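Take a look at the structure set out below.
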Amino acid sequence: MLNATWLDTFATLCDVGHFTRAAAAMNMTQPGVSQHVKKLEAQLGQPLLTRDGKSFILTPAGEAVLAMARRRRAEESALRSDLQHDDPDRGQVSIACSGSLALLLYPRFMDFMASAPALSIILEAMPQPRILEGIVAGRFDLGIVNHSPAHPRLEGESVGQDELCLLLPADSAAPRSFAELDALGFIAHPDGYAHADDLLGANFPDAHPGADRLRERSFVNQIGQIPEPVLRGLGYTILPRSGVDAHPGRDRLQVMSLPVPVRHELWLVQRKNRSLPARTRRVRAGIAEALAAL
């Protein structure tokens, strides 16, 4: 690594073109300027200039070093400018959440990006353990899970609740018992089994046999497709409110009224004690607003 102080002295000398004036500009003595140049030459193993009376002429090596020194100055100046101007409309923000929440949040993120062409938002849907692992590893700036994070390097804030909804076609008669519901057939999905145990277990405690024993009519792995067989009368499913409200066929879906509502807490998680840039704070506020409205 070239010595940054010697390099700056050399660049200043070349800018002003005179040892005495360079010393004055840097609040140094003239011998001090000469010493810096000699040390830089020794570090590089080549002469950088030849004296011509009180002036000097750069060698080819000196011209190359000066060009590099000016590039470094420009990069440092740009860095200082970036650090002083924390632009909420520029840069990248990465978020991880469930598929249901991704359906709800991505339209809002697209609005953000439409109004700020230099803003990039990366959204990934995945299971909760991977969300937390990704935040710890620094792959995501923010994550959304349904519990307070226990990891010592994470912190979270409760920002809302997501209600579990039992979905039927809009024109379907509501089942009068668990047996009638089970006869319709369960449209399963990766989170559906846990949702079924939570919601059906709370509302049919004596009849629900466990999600692994439900009459399964179909399995869908794509969050946007899960309500489609329900719309066609092929069965029922259970989804969080976030995934229901974001579905384009929402007006053709019926949320069955149940005596015991089940709601999952929503926690917005990040690395502990991390100072978030303005762009991430902007996106974070938008997420909190959307989840609080659920």
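The values are calculated or read from the model by the stated rules, or taken from the named source; none is laboratory data. All values reported here derive from a predicted model rather than from experimental measurement. Note that we place each Cβ from the backbone using ideal geometry, even for glycine, and neighbour counts take in every protein chain shown.
Restricting to the range 165-183, name every residue that is surrounded by 17 or more Cβ atoms within 10 Å (Cβ to Cβ) and within 15 Å of Arg250 (Cα to Cα). Hits for the range 165-183 are Cys165, Leu166, Leu167, Leu168, Pro169.
Tallying residues that are in a loop (DSSP other than H, G, I, E, B) and outside the structural domain of Gly201 (by TED's automatic domain parsing) within the range 141-178 yields 9. Can you pull out every residue in the range 16-48 that is among the aliphatic types (A, V, I, L, M) and without any contact (Cβ under 8 Å) to a residue 24 or more places away in the chain? Listed by number, the residues that qualify are Val16, Ala22, Ala23, Ala24, Ala25, Met26, Met28, Ala42. Taken over the range 7-25, the criterion of being more than 15 Å from Arg70 (Cα to Cα) and under 44 Å from the mean Cα position of the chain (by Cα) is satisfied by no residue. For the range 26-73, a residue qualifies if it is outside any helix (DSSP H, G or I), of a type in the set (Gly, Ala, Ser) and under 48 Å from the mean Cα position of the chain (by Cα), and exactly one does: Gly45.
Within the range 251-285, the set of residues being of a type outside the set (A, V, I, L, M, F, W, C), touching a Leu at 6+ places or on another chain (Cβ under 8 Å) and not in a loop (DSSP other than H, G, I, E, B) comprises Arg252, Gln254, Arg263, His264, Gln270, Arg271, Arg279, Thr280, Arg284. The residue that is farthest from the chain's Cα centre (by Cα), counting only those in the range 244-294 that are among the hydroxyl-bearing types (Ser, Thr, Tyr) and surrounded by fewer than 18 Cβ atoms within 10 Å (Cβ to Cβ), is Ser257. For first residues located in the range 124-143 and within 20 Å of Ala288 (Cβ to Cβ), partners that are in a loop (DSSP other than H, G, I, E, B) and hydroxyl-bearing (Ser, Thr, Tyr) and lie 6+ apart or on another chain with Cβ distances below 7 Å form the pairs Ala125/Ser98. Scan the range 221-250 for residues that are of a type in the set (A, V, I, L, M, F, W, C), touching a helix residue (DSSP H, G or I) at 6+ places or on another chain (Cβ under 7 Å) and part of a loop (DSSP other than H, G, I, E, B) and the total you get is 1. Out of the residues in the range 81-129 meeting the condition of being touching a Gly at 6+ places or on another chain (Cβ under 6 Å) and in a helix (DSSP H, G or I), tell me which one is surrounded by the fewest Cβ atoms within 10 Å (Cβ to Cβ). Result: Arg108.
Within the range 1-15, the set of residues being without any contact (Cβ under 8 Å) to a residue 24 or more places away in the chain and in contact with a helix residue (DSSP H, G or I) (Cβ under 6 Å, 6 or more places away or on another chain) comprises Thr12 only.
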